[in-house]
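Please treat every number below as a calculation from the coordinates, not as lab data. Here the structure is a predicted model, which is why all the values come from computation and not from measurement. Virtual Cβ from ideal backbone geometry, glycine too; neighbours counted across all protein chains shown.
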Amino acid sequence: MASIQETLTELVPVKQAELVALKKEHGHKVIGDVTVDQCIGGGRDIKSLFWETSLLDAQEGIRFRGYSIPELQQKLPTFKGPAGQGEPTPEALVWLMLTDTIPTKAEADSLTHELYKRSEIPQHVVALLKSLPKSLHPMSQLVVGLMALQKDSKFAAAYASGVHKKEYWKHTLEDILDVWAKLPELAALVFSNTYKDGSVGSKDPSLDYSANFARRLGYNKPEFDELMRLYLVIHSDHEGGNASAHTTHLVGSTLSDPYLSYSAGLNALAGPLHGLANQEVLGWILDLQKKFKAEGKPVNKETITQFAWETLKSGKVIPGYGHAVLRKTDPRYTSQREFALKYLPDDELFKIVGTIYEVVPDVLTEHGKTKNPYPNVDSHSGVLLWHYGFKEFNYYTVLFGVSRALGALSQVFWDRALGMPLERPKSVTSKWILEHVNNS
Ligand code: FCX
């Protein structure tokens with residue numbers, strides 16, 4: 001069986017030739033126009049990014065290399081065996097995102113092994129993380145840890161020694177495998193530094209990436225391992241325009257190595273309109289519960305509606321709802337709901353999430369601003385973690401950060417393998433726009 005490195009060594013020249021042919025044959029053709037609204041409106045829908053690992057449809061949601069989430073659940077190998085014996089593993093998804101091919105169980109397992117081998121964290125990084133104040137947000141701690149690991153970047157070392165540009169992708173792949181392997185370790189250290197005594201649970205070479213991450217965090221239940229697999233799979237990639245993926249790609253285009261590029265992506269993920277929304281959702285639900293308990297009222301459709309309007313009238317967003325591109329319920333929300341129906345149908349917070357779903361789309365529609373009144377991925381993830389006793393919700397975005405590395409860096413691999421150039425779109429001033437529209 002070929003390793004991931006051997007498989008990619010065969011594939012890279014094929015994909016390079018395909019891109020050369022695409023440019024030669026179709027390079028001059030038009031795929032979109034840009035309006036003034038789009039230019040001053042965050043670039044929505046402008047087709048100007050190249051992203052191979054996944055594609056988002058506004059109505060249907062995300063597809064990874066052409067496969068929807070339910071299709072991944074039917075086709076990708078699981079921890080126990082072939083597809084269908086539980087949730088797919090993130091290692092299997094990574095194989096698919098990198099190679100454009102569904103892996104066999106043996107191929108996915110070889111990647112598990114490869115990552116396990118690389119997972120050790122140097123002592124200077126452990127000491128650095130332990131020196132950080134517990135009050136520093138876990139996302140900031142994660143970025144500090146990843147930046148400190150950059151000392152060992154194989155790409156940066158190869159570049160400094162004058163390696164030929166045709167070889168960049170090999171050293172990039174080395175770094176990417178190292179970052180994927182070490183991120184859960186870093187994340188577990190951040191967790192322990194923030195909430196426990198600084199020590200982490202032990203890992204086990206017979207387990208997969210997700211179960212080992214769960215053990216490091218202190219969780220031993222196979223059902224929680226399944227949740228971790230689902231979580232790491234569905235948060236991994238959402239095409240290229242979202243802020244964390246785009247930032248990683250942009251910074252990588254300067255030939256910053258994968259440590260530097262993904263640290264930048266994590267900083268984007270840490271914003272409340274992006275990944276931080278998952279902690280905001282939990283906070284919103286707990287505030288709602290607390291308020292109505294204090295007032296002696298039940299949490300039901302009426303009180304949730306009242307709370308939603310209070311949020312909107314105080315000039316805040318309802319976290320976990322709306323999306324820049326999606327225009328329907330996020331399939332990542334649906335897959336988490338299905339998990340909850342299977343494993344925790346009677347959970348109190350899960351029921352509240354269900355009731356929120358029954359009323360908030362109508363509230364947002366009546367409010368009349370948001371283009372998409374439906375829930376996104378962040379509106380469900382917190383209650384699943386909470387159910388298993390994972391209540392440190394300021395930490396939730398770190399889990400998102402471990403997952404998003406899988407997609408964003410799979411694309412960085414192809415960026416270097418395909419020789420993608422420095423990203424540098426054109427900006428214009430308001431004066432330029434006025435002159436342009438008046439003269440056309
Ligand atoms: N609650 C209240 N108002 C909302 C809203 C929400 N959930 N979603 C959108 N709006 C508002 C916007 O704030 C904007 O108001 P403005 O005109 O006063 O600036 C208006 O509706 C139009 O926004 P819209 O075009 O629909 O959405 P955007 O593309 O500008 O923004 C996000 C998309 C996701 C940022 C927006 O829906 C939001 O703030 N949602 C809540 C935060 C959240 O859940 N983020 C996570 C998103 C995602 F899943 C992820 O990255 O993790």
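From the list 179, 163, 125, which residue is under 30 Å from residue 421 (Cβ atoms) and touching a helix residue (DSSP H, G or I) at 6+ places or on another chain (Cβ under 6 Å)?
The unique qualifying residue is 179.
Please list, ordered by residue number, the helices (runs of 4 or more DSSP H) wholly in region 4-94 having 3 or more residues that are over 26 Å from residue 231 (Cβ atoms).
Result: 4-26, 36-40.
Cβ-Cβ below 6 Å, separation at least six or inter-chain, first residue in region 27-53 and farther than 28 Å from residue 15 by Cβ, second surrounded by 11 or more Cβ atoms within 10 Å (Cβ to Cβ) and among the hydrophobic types (A, V, I, L, M, F, W, C): which pairs?
Between residues of region 27-53 that are farther than 28 Å from residue 15 by Cβ and residues that are surrounded by 11 or more Cβ atoms within 10 Å (Cβ to Cβ) and among the hydrophobic types (A, V, I, L, M, F, W, C), the close pairs are 34/46; 36/433; 38/46.
Output the residues belonging to region 218-246 that are over 14 Å from the mean Cα position of the chain (by Cα) and either under 21 Å from residue 172 (Cβ atoms) or buried (at least 24 other Cβ atoms within 10 Å of the Cβ) (or both).
Residue satisfying the conditions is 227 alone.
Do we have any residue at all in region 247-270 that's surrounded by 19 or more Cβ atoms within 10 Å (Cβ to Cβ), within 13 Å of the ligand (Cβ to nearest atom) and not in a helix (DSSP H, G or I)?
Within region 247-270, one or more residues are surrounded by 19 or more Cβ atoms within 10 Å (Cβ to Cβ), within 13 Å of the ligand (Cβ to nearest atom) and not in a helix (DSSP H, G or I).
Anything in region 128-148 that is part of a helix (DSSP H, G or I) and of a type in the set (S, T, N, Q)? List them, or say none.
131, 140, 141
Within region 197-215, does at least one residue satisfy the condition of being within 13 Å of the ligand (Cβ to nearest atom) and in a helix (DSSP H, G or I)?
No - not one qualifying residue is present in region 197-215.
Suppose we filter region 149-176 for residues that are farther than 13 Å from residue 257 by Cα and not in a loop (DSSP other than H, G, I, E, B); how many remain?
3
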